[in-house]
Amino acid sequence: MKLRLGMIGGGQGAFIGAVHRIAARMDDEYELVCGAFSSNAEKAKASGLLLGLSPDRVYVSYQELIEKEKQLPEDERVQVISIVTPNHLHFGPAKLALENGFHVILDKPMTFSLAEAKELEKVVKASGKRFCLTHTYTGYPMVKEARQLVSEGKLGKIRKVYVEYPQGWLSTFLEGEDNKQASWRTDPSKSGIAGAMGDIGTHAFNLAEYVSGLQVTKLCADINTVVEGRKLDDDGAALLKFNNGASGVLIASQVAAGDENNIKVRVYGEKGGLEWQQDNANTLLLKWLDKPAEILRTGAGYLSSYATHNARVPAGHPEGYLEAFANLYRNFALSIKADIAGKPAEKEWLDYPDIEDGIRGMAFVENVIASGKSDIKWTDFKI
């Protein structure tokens, strides 16, 4: 049985919509049955035609999609709605979809503001429906292995966390060149109060907390806008304090000229450390205080059930960003199907980012920007 999937946003020319659709197709857990791909009727219809959808299930607004799909018989209507719009258009469709009985997959950051995030949390809990936030990097098998090793105490008490996300694509004033992606991501009316820290800083923050199993309690941030004329931050760093006493450093920059998307995390405990980076995603490096370093590889039989469940091919075959993205979609689908069957979901299936990750991500955005504007050295992480 495939889950019936609908999409809001992601029409012709959109980057992330295509990624979501590939992720949904990879394991045959979904069938795309409807969409509101653009508020432009002509573009919406053209997008639906390219995707092979029935014209009567291609809509020009998310309100129309939800209203008309709800009127269809239960065995025909959409079950899961994927929302891939810019940040300022996350809350409205997510709220309406949940209130009308649909599960939701939402691109990050979760909402335009922390206030919206808190409101959406109430809606999710009241709806009884499942919610997934696409923090892609937690979908990698070796990231999941890293989390398991930390949670099992293999590194001892965690003392230090480093996470960095360098990009160089906004090293020039691209938003002044009719670049759609640059335009909305650097526009406060669409992106929110943060640029780089909202776009990629939230990924770094989520990865740090996910792998370490800890939560940030204080931070001290330096936020910069490097490119002249830009309205939002394009570079920054933050010192972090965690709830077990550990400290950390987070770096996010979109003006690191020559860098692409090599997000990297390092975690150090009393007994040793680990290191993972997207440029070599199949490898997890373990470094020990009293013995030689170890290299763990995706697909190997010695890995945890979390890592093996989220790998598809034998060791040595590269699995990357699209597969990691697909793992979120698959785990979400398997959890919903378990609900439909009246059975408990397996623990590995439930390992996908949810509403709590979204709340903490939006809290990070507001706290890190506030800290960057403050003269106080350390500010409490407030939610």
task = If a/c stays under 1.5 just call it rounded; otherwise compare a/b with b/c (prolate if a/b is bigger, oblate if not). Do that for segment 218-274, with a ≥ b ≥ c from the square roots of the Cα gyration tensor eigenvalues.
result = oblate
task = Sort out for me the Cα centre separation of segment 265-295 from segment 86-151, rounded to whole Å.
result = 29
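For the residues 47, 183, what sequence is obtained by ranking on other C-beta atoms within 10 Å, fewest first? Don't skip to the end; give the middle numbers.
On the way: 47 23, 183 16.
Sorted ascending by nearby Cβ count, the order is 183, 47.
Rounded, prolate or oblate: pick one for segment 306-383, where a ≥ b ≥ c are the square roots of the eigenvalues of its C-alpha gyration tensor, a/c under 1.5 means rounded, and failing that, prolate if a/b is larger than b/c, else oblate.
oblate
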task = Beyond 23 Å between alpha-carbons counts as too far, so tell me which of 118/190; 144/347; 157/373 fall in that bin.
result = 157/373
remark   = Note: residue 151 to residue 231 extended length (0.36 nm per residue) minus current alpha-carbon separation gives 24.8 nm
query = Under the definition of Cα pairs under 8 Å and six or more residues apart, what whole-number percent is the relative contact order of the chain?
reply = 19
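So for each of 131-139, 299-307 I average, over its residues, the number of other beta carbons within 10 Å; can you give me the resulting order with the highest mean first?
Details: 131-139: 25.0, 299-307: 15.9.
Those peptides, ordered most packed to least, come out 131-139, 299-307.
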query = What GluC sites (Glu not before Pro) does segment 97-190 have in DSSP loop regions with at most 10 other beta carbons within 10 Å?
reply = 152
query = Along segment 297-311, what does the Karplus equation 6.51 cos²θ - 1.76 cosθ + 1.60 (θ = phi - 60°) give for ³J(HN,Hα), rounded to whole Hz, x for Gly and Pro?
reply = 10, 4, x, 7, x, 8, 7, 5, 5, 5, 6, 5, 4, 9, 10
query = How high is the relative contact order of segment 3-129, in percent, with contacts defined as C-alpha pairs under 8 Å that are six or more residues apart?
reply = 24
request  = Find, among the trypsin sites (Lys or Arg not before Pro) in segment 321-383, those assigned to loop by DSSP (not H, G, I, E, B) with at most 16 other beta-carbon atoms within 10 angstrom.
outcome  = 347, 377, 382
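Using a 10 Å cut-off on Cβ atoms, rank the peptides 60-71, 35-46 from the highest mean neighbour count down. List each step's numbers first, then the result.
Details: 60-71: 17.2, 35-46: 19.1.
The most tightly packed comes first, giving 35-46, 60-71.
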request  = Restricting things to alpha carbons, tell me how big the chain is in terms of Rg and Dmax, in Å.
outcome  = 20.6, 65
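Sorted by average packing, counted as other Cβ atoms within 10 angstrom per residue and highest first, what order do 48-54, 207-213, 279-285 take? Numbers along the way, then the final one.
On the way: 48-54: 13.9, 207-213: 23.7, 279-285: 17.7.
By packing density, highest mean first, the sequence is 207-213, 279-285, 48-54.
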inquiry  = Run the simple label-point estimate for residue 50 and residue 337 please: 7 Å along Cα→C-beta, distance reported in nm.
reply    = 2.9
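Return the FRET efficiency for the residue pair residue 125, residue 262: r is the Cβ-Cβ distance, R0 is 30 Å, and the value is rounded to the nearest 0.05.
So, using R0 = 30 Å, E works out to roughly 0.25.
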message = Once you order the gyration tensor axes a ≥ b ≥ c over the Cα atoms, which shape class does segment 1-146 get: rounded for a/c under 1.5, otherwise prolate or oblate by comparing a/b with b/c?
response = rounded
query = Restricting to segment 3-129, what percent of DSSP beta bridges are antiparallel, rounded to 5?
reply = 0
ask   = Quick one: of the DSSP bridges fully inside the chain, what percent are antiparallel, nearest 5?
value = 60
task = List the residues of segment 360-382 whose backbone N lies under 13 Å from a point placed 7 Å from the Cα of residue 239 along the Cα-to-Cβ direction.
result = 376-379
inquiry  = Can you compute the helix-only [θ] at 222 nm over the chain? Use -39500 (n - 2.57) per DSSP H run of at least 4 residues, normalise by all residues, nearest 500 deg cm²/dmol.
reply    = -10000 deg cm²/dmol
query = When the Karplus curve 6.51 cos²θ - 1.76 cosθ + 1.60 is applied with θ = phi - 60°, which whole-Hz ³J(HN,Hα) does each residue of segment 358-367 get, with x for Gly and Pro?
reply = x, 4, 5, x, 5, 5, 4, 4, 6, 5
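Just rank 369, 340, fewest to most, by other beta-carbon atoms within 10 angstrom. Working shown, then result.
Values: 369 22, 340 10.
With the sparsest Cβ surroundings first, the list reads 340, 369.
Bear in mind these aren't lab numbers, they're just calculated from the coordinates by the rules spelled out. None of the values given here were measured: they were computed from a predicted structure. Every residue, glycine among them, receives a Cβ derived from its backbone with ideal geometry; neighbour counts consider all protein chains shown.
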